[in-house]
Amino acid sequence: MNIKNILTEKAVAAMVAAGLPADTNPALTQSTRPQFGDYQINGAMGAAKKLKTNPRDIAQKIIDNLDLDGIADKLEIAGPGFINIHLSAQFLANALHRAKEDKKLSVAEHAKPDTVVVDYSAPNLAKEMHVGHLRSSIIGDAVVRALEFRGDNVIRQNHMGDWGTQFGMLLAHLNDKLAANEVAETALEDLEDFYRQAKVRFDDEEGFADRAREYVVKLQSEDAECMKLWHQFIDTSIKHSEEIYQRLGVTLTRDDIMGESAYNPDLPNVIAELKEQNIAVEDQGAQVVFIDELADKEGNPSVFIVQKSGGGYLYSTTDLAAMRYRSFKLNADRIIIFTDARQSLHFKQAEIVGRKAGFIRPETTYEHSPFGTMMGQDGKPFKTRTGGTVKLKDLLDESIDRAAKLVAERSNDFSEAEQQEIAQKVGIGAVKYADLSKNRTSDYVFNWDTMLSFEGATAPYLQYAYTRVSSIFRKAGIEAASLTADIQIVEAQEKALAIKLLQFEEVLDVMIADRTPHVLCSYLYELASLYMSFYEACPVLKDGVEEAVKQSRLQLCDLVARSLETGLNLLGIEVLERM
Ligand code: ARG
């Protein structure tokens with residue numbers, strides 16, 4: 001259920017009945033403060049401006065035609081012409097009863113599911129996954145989970161970087177290691193080291209650079225020996241990524257891999273078509289597209305190179321082929337791509353060129369979804385103390401270690417195994433929530449202490465809130481499903497909590513439309529905070545609480561627990577029963 005949509009529909013009908021132009025926007029929003037009601041219609045001001053009349057008169061006309069029977073019990077005009085809507089307790093109670101009976105908490109599935117291709121994670125297999133891929137992997141996965149929860153048909157595409165000239169040097173080095181009887185798994189144990197070794201040889205060792213170049217040629221002609229080596233390399237590197245996905249709770253599998261190399265056979269076609277349509281032209285031996293739409297202030301068009309002068313293809317060529325495959329073969333309604341913001345220009349260019357060339361159906365959207373950089377305390381991109389890239393593996397290990405220390409410090413009677421499980425869920429959850437809760441497009445400063453704190457908007461706080469809510473049922477010895485009394489919304493804290501609970505679908509809609517998990521993060525934090533206020537003001541298990549009231553409040557507790565669990569799960573964060 002989406003209260004905002006229900007009210008918007010009613011408001012539009014009222015505006016039409018009041019004789020306002022059919023395109024008048026009701027501008028319905030959640031109220032910012034309880035004294036302004038629960039939702040408000042702000043559209044009277046805009047309509048009055050257009051019609052050059054008094055906004056309060058318009059507001060009154062809207063109210064006269066607004067049928068909110070059984071939904072709201074008070075409407076009032078405030079200030080210049082805001083209409084404040086106070087939802088009725090009975091409406092909220094009924095809606096909560098329905099949510100309680102539904103395993104999806106009244107979040108409806110899309111009536112017409114979209115086919116959504118989501119391109120995320122996409123590490124470069126020549127190197128170890130680093131913090132940059134954390135963001136792409138977990139933001140992408142949260143959006144994918146939310147889309148699936150709403151019933152869309154999601155096709156994950158892990159556009160791994162598994163091709164390119166750098167593989168010449170790596171394969172030449174791997175060849176020598178294998179010849180010296182090393183096995184691929186051991187040789188490639190640490191990809192960062194391996195890359196470094198190969199680079200040193202490339203720069204310093206006589207003849208090695210030439211061999212590396214030969215390997216590039218062999219790879220391009222799909223020489224059997226070379227391909228065998230390449231497969232070994234790729235396979236081992238993919239295993240590294242899979243370990244990370246498993247630890248992070250990222251749902252990508254092997255079947256979702258559609259690496260850059262998969263598009264190789266189609267790249268000559270892409271170029272041929274761009275040439276034929278006169279979209280790509282020759283410039284200093286290369287094939288380029290000049291994009292006037294993105295010209296700079298002096299009027300110089302932006303340049304998109306699609307083929308190098310030697311005939312080699314580029315990242316851009318592959319993305320055009322991928323666009324066509326996703327739109328026409330996978331039948332995408334939406335194509336969503338998560339990469340860091342530095343690639344924004346690339347995807348703008350790709351979209352303009354792709355649409356001109358007909359590589360994407362006009363009705364397919366192309367939604368590059370950039371994210372900001374993770375910064376260290378010094379305000380510069382996050383690095384190790386010695387200035388190296390931080391391996392994701394090491395970052396996760398450290399988070400779990402730190403969480404383990406915190407858990408051990410808190411007095412508890414947990415077994416060794418339980419402590420480990422808690423540390424693991426809290427450590428991983430903390431890193432994920434800290435990242436997901438930041439506005440997607442901004443840079444953010446990585447901070448161990450705030451992300452692992454049990455106070456404020458953090459995973460440990462939410463995980464702890466969940467254990468507190470669910471422990472009520474253990475304490476009471478009651479099963480939530482056995483509660484049958486009516487839910488009663490009486491106290492202000494109950495009402496605030498009820499409305500928040502019923503806004504879950506609204507939040508998911510925004511998150512899905514804007515590809516912004518931080519919206520869900522804030523929602524869960526607000527829900528947990530409202531629960532705490534409710535719990536302080538409205539005793540549940542205390543002596544003297546009437547049975548009917550107790551049962552009503554316990555049902556609110558149950559809905560909070562289930563919403564927290566479902567919401568955290570959509571973020572890929574696990575809950576615990578005790579911590
Ligand atoms: N491999 C690229 C990187 O690590 C990301 C690929 C994103 N997807 C795409 N279709 N270009 O930056």
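The values are calculated or read from the model by the stated rules, or taken from the named source; none is laboratory data. Worth saying up front: this structure is predicted, and the values here are computed from it rather than measured. Quick reminder, even Gly has a Cβ in these numbers, built from the backbone with ideal geometry, and neighbours come from all protein chains shown. Side chains included, ligands, DNA and RNA excluded: accessible areas come from the protein's heavy atoms. Shrake-Rupley method; radii C 1.70, N 1.55, O 1.52, S 1.80 Å.
Below are the figures for this structure:
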item	result
Index of the failed condition, Ala465 passing every other in (1) within 23 Å of Cys538 (Cβ to Cβ); (2) without any contact (Cβ under 8 Å) to a residue 24 or more places away in the chain	(2)
Number of positions in the range 317-334 that are within 20 Å of Pro370 (Cβ to Cβ) and either within 9 Å of the ligand (Cβ to nearest atom) or touching a Ser or Thr at 6+ places or on another chain (Cβ under 6 Å) (or both)	6
First in the range 148-161 and on the phi > 0 side of the Ramachandran plot, second anywhere and open to solvent by 10 Å² or more (accessible area, probe 1.4 Å) and away from the ligand (no atom under 16 Å from the Cβ), Cβ under 8 Å, 6 or more apart	Gly151/Glu109; Gly151/His110; Gly151/Pro113
Test: Asp141 is within 11 Å of the ligand (Cβ to nearest atom) and among the acidic types (Asp, Glu)	no
Residues satisfying the stated conditions in the range 304-331, i.e. in contact with a Phe, Trp or Tyr (Cβ under 9 Å, 6 or more places away or on another chain) and among the aliphatic types (A, V, I, L, M)	Val306, Leu320, Ala321, Ala322, Met323
When residues of the range 382-394 are limited to those that are β-branched (Val, Ile, Thr) and over 24 Å from the mean Cα position of the chain (by Cα), the one most open to solvent (accessible area, probe 1.4 Å)	Thr386
Hits in the range 121-133 (condition: within 19 Å of the chain's Cα centre (by Cα) and either farther than 19 Å from Val144 by Cα or near the ligand (Cβ under 8 Å from one of its atoms) (or both))	Ala122, Pro123, Met129, His130, Val131, Gly132, His133
Residue list for the range 53-75, restricted to those being among the small types (Gly, Ala, Ser) and over 15 Å from Ala18 (Cα atoms)	Gly70, Ala72
The range 118-171, subset of a type in the set (S, T, N, Q) and farther than 22 Å from Ile573 by Cβ, residue surrounded by the fewest Cβ atoms within 10 Å (Cβ to Cβ)	Thr165
Scan of the range 339-381 for residues that are assigned to a loop (DSSP other than H, G, I, E, B), under 25 Å from the mean Cα position of the chain (by Cα), within 16 Å of the ligand (Cβ to nearest atom) and in contact (Cβ under 8 Å) with a residue 40 or more places away in the chain, ordered by number	Gly372, Thr373
So Leu527, is it part of a helix (DSSP H, G or I) and open to solvent by less than 20 Å² (accessible area, probe 1.4 Å)	yes
Of all residues making up the range 172-195, the number that are polar (S, T, N, Q), more than 22 Å from Lys393 (Cβ to Cβ) and loosely packed, with under 13 Cβ neighbours inside 10 Å	1
Any hit, the range 94-116, residues being β-branched (Val, Ile, Thr) and within 16 Å of the ligand (Cβ to nearest atom)	yes
Hits in the range 79-133 (condition: acidic (Asp, Glu) and in contact (Cβ under 8 Å) with a residue 60 or more places away in the chain)	Asp114, Asp119, Glu128
Unmet requirement for Ile335, which otherwise passes all of (1) open to solvent by 30 Å² or more (accessible area, probe 1.4 Å); (2) within 30 Å of Asp443 (Cβ to Cβ)	(1)
Extreme residue, nearest to the chain's Cα centre (by Cα), among residues of the range 206-263 that are surrounded by 16 or more Cβ atoms within 10 Å (Cβ to Cβ) and among the basic types (Lys, Arg)	Arg247
Count of the range 36-53 residues which are open to solvent by 70 Å² or more (accessible area, probe 1.4 Å), in contact (Cβ under 8 Å) with a residue 12 or more places away in the chain and farther than 18 Å from Lys4 by Cβ	2
Asp190 being more than 18 Å from Arg211 (Cβ to Cβ), touching a residue at least 60 places away in the same chain (Cβ under 8 Å) and out of contact with any Ser or Thr (no Cβ under 9 Å at 6 or more places or on another chain)	yes
Among (1) open to solvent by less than 10 Å² (accessible area, probe 1.4 Å); (2) hydrophobic (A, V, I, L, M, F, W, C); (3) free of Cβ contacts under 8 Å to residues at least 60 places away in the same chain, the one test that Trp448 misses	(1)
Filter pass, Phe82 being under 22 Å from Ile499 (Cα atoms), open to solvent by less than 50 Å² (accessible area, probe 1.4 Å) and out of contact with any Pro (no Cβ under 7 Å at 6 or more places or on another chain)	no
Residue in the range 6-35 that is farthest from the chain's Cα centre (by Cα), counting only those that are assigned to a helix (DSSP H, G or I) and surrounded by fewer than 14 Cβ atoms within 10 Å (Cβ to Cβ)	Val16
Every residue from the range 56-78 that is under 21 Å from Asn5 (Cβ atoms), open to solvent by 40 Å² or more (accessible area, probe 1.4 Å) and part of a helix (DSSP H, G or I)	Asn65
Among residues of the range 411-434, those that are open to solvent by 60 Å² or more (accessible area, probe 1.4 Å) and assigned to a helix (DSSP H, G or I), counted	6
Residue in the range 87-103 that is most open to solvent (accessible area, probe 1.4 Å), counting only those that are out of contact with any Asp or Glu (no Cβ under 9 Å at 6 or more places or on another chain) and not aliphatic (A, V, I, L, M)	Lys103
Total residues in the range 130-173, condition closer than 16 Å to Ser369 by Cα, basic (Lys, Arg) and not in a helix (DSSP H, G or I)	1
